[in-house]
Amino acid sequence: MAGLGRAGVAVTLAGVFVNGLAYVVPVLGARHLDPAQLSALATLLALGAIGGVASTGLQIAVAVHRARYGRAATARPTLLTVAVTAALLAVTLPVAAGLLRLDAPAVLLLGVLTLAVVAAGRWLGELQGDQRFLRLAGGMALLAAGRYGGMVVGLSLGGGLNGSLLAGAVTSVLVLALLVRLNRGAGIDPIAPSLATRTVLTASGATLAMLVVSYADLLLARRFLPPDASGVYAVGTVLTKGALWAPQVVTVIALPRLAKGDRRTLVTALALVACAGAALVLASAVAGGLAFRLAGGPGYAASGRYAALFAGTGALYAIVFILVNARVAGSHRWPAAPLWTSTVVFAVAVATVVPRTVAGIAGAALATAALTAVATGLLTMAQERRSRSNPTRTDPTVAPGAHVTVRDG
């Protein structure tokens, strides 16, 4: 338990650092960019997060595979994941640039940054699956410094939108060498079964669905709201991200246990995430003006009445994220189906019946998050009941509830 406590503290501190830097980028953007550029920056960050889901998917797939089978080689699925991501970015980013009124240089720099982040997923996944949580915390901090630190420096020095993206792209590429060194000593087991490409695709698809549904409101706000209102919405989504990623440590620590069939871990994780979300929503409801002031500056304080809507959406999606990870770790079929359905319904609703105001889109996003959480929870419970009634469907190499050893190094 002491090792698990140290691991939790280390990953929590790393998560605070990661989310802190991610928070600083739009905060500095609100102070150094005009509303139109701020909206463009928030949109690019959202696109980068969506494009970078392959990194999280790769990390989850590698971590789950290592927790189950040991230290298998991961170079081949990593190269394939990066190549597929590059091909998809080459097709989709130019289209997004046209639809969302984004400059070509900014989109190109975003693509470079995203590919570096995707490649980093391999080494983070190996550390997580091996339960070397202290080194994992260091790797998370290094990647954040490369991904967001460069952008913070670029904005602080007055580099503008393109200058900040250039700095972020350069530092993200450079940090990969540090991640390789941090992962030294992991070793490879030559008899461990190989990580299947399908596993990476499933995890990446689920993560993509998670981020698409959680960022869809920002993208649609960019599309349908005027520049000033979309700038307000961009500031509000800072609160959504905070509520979504604040309990990230729970998912990181729980994933290896979920991969080994420990069902009690899922209940505990959901309870912890729900409590954290409730506290954040309450704080946003009480001090919404302060929250918007901290997120975007004094000019946005009057929009604090929307704070609870944004925080509530993020808190609900944090619960969904735990459930999706549990479904991926349990090899459930179509783990992301309810998320894709919710995204389509939400997009159609915003395009047709939802009022095109900050409150209208934010309220619709909150309702979508609640329905998605309920649907994903019901499907997860149904799958767990089927697994208990048919134990041959579970992984025969791992005993349910197996003891987890935390490696501090």
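List of remarks:
- Label separation (Asp34 vs Leu294): 3.1 nm, computed from points 7 Å beyond Cα along the C-beta direction.
- The stretch between Leu80 and Ala359, if pulled fully straight at 0.36 nm per residue, gains 96.2 nm over its current Cα-Cα span.
- Taking the C-alpha atoms only, the angle from helix 227-245 to the longest principal axis of the chain is near 20 degrees.
- Summary of the geometry: the stretch 149-171 and the stretch 87-107, compared by the centres of their Cα atoms, lie 19 Å apart.
- Across all Cα pairs in the stretch 3-135, the calculated P(r) in 10 Å bins from zero up to the longest distance comes to 12, 34, 31, 18, 5, 0 percent per bin.
- 5 angstrom amide H check on Arg71, placed H, neighbours 5+ away: Asp189
- Placing R0 at 60 angstrom, the Cβ-Cβ distance between Ala177 and Val348 gives a FRET efficiency of 0.85 after rounding to 0.05.
- Two-site label geometry, Arg385 and Val153: point separation in nm, points 7 Å out along Cα→Cβ: 5.5 nm
- Exposure proxy for Ser55, Ser156: other Cβ atoms within 10 Å of each Cβ, ordered fewest to most, give Ser156, Ser55.
- Rounded to the nearest 10 degrees, the angle from helix 104-129 to the longest Cα principal axis of the chain is 30 degrees.
- Computed over the alpha-carbon pairs of the stretch 76-213, the distance histogram in 10 Å steps reads 11, 34, 37, 14, 3, 0 percent, short to long.
- Seen from all directions on average, the stretch 163-310 presents a Cα convex hull projection of 12.8 nm².
- The alpha carbon centroids of the stretch 184-243 and the stretch 312-341 are separated by 12 Å.
- Cα centre as origin, Lys/Arg/Asp/Glu Cβ charges: the chain dipole, Debye: 880 debye
- Our summary of shape: the Cα atoms of the stretch 214-280 have principal axis extents of 48, 23, 14 Å, ordered from largest down, in whole angstrom.
- Most mobile listed residue (Thr85, Thr268, Thr202) in the chain, GNM with C-alpha springs under 10 Å: Thr268
- Rg and Dmax of the stretch 1-55, based on Cα coordinates, read 15.6, 50 Å.
- Label-point separation, Leu99 to Ala279 (7 Å along Cα→Cβ), nm: 3.8 nm
- For the stretch 1-156, the dipole from Cβ point charges (+1 on Lys and Arg, -1 on Asp and Glu) about the Cα centre works out to 520 debye, to the nearest 20.
- Acute angle (nearest 10 degrees) that the helix 133-144 long axis makes with the longest principal axis of the chain, alpha-carbon atoms: 30 degrees
- Size descriptors for the chain: radius of gyration and Dmax over Cα atoms are 20.3, 61 Å.
- Considering only Val281, Gly129, Gly304, and ranking their Cα positions along the charge dipole of the chain that arises from unit charges at the beta-carbon of Lys, Arg, Asp and Glu, the one farthest toward the positive end is Gly129.
- Dividing the C-alpha radius of gyration of the stretch 280-385 by 2.2 N^0.38 Å, with N its residue count, gives 1.24.
- FRET efficiency for Val91 and Val286, using Cβ-Cβ distance with R0 set to 30 Å, rounded to 0.05: 0.10
Read-outs: derived from the displayed coordinates by stated rules, not from any lab. Predicted, not measured: the structure shown is a model, and the values here were computed from it. Note that we place each Cβ from the backbone using ideal geometry, even for glycine, and neighbour counts take in every protein chain shown.
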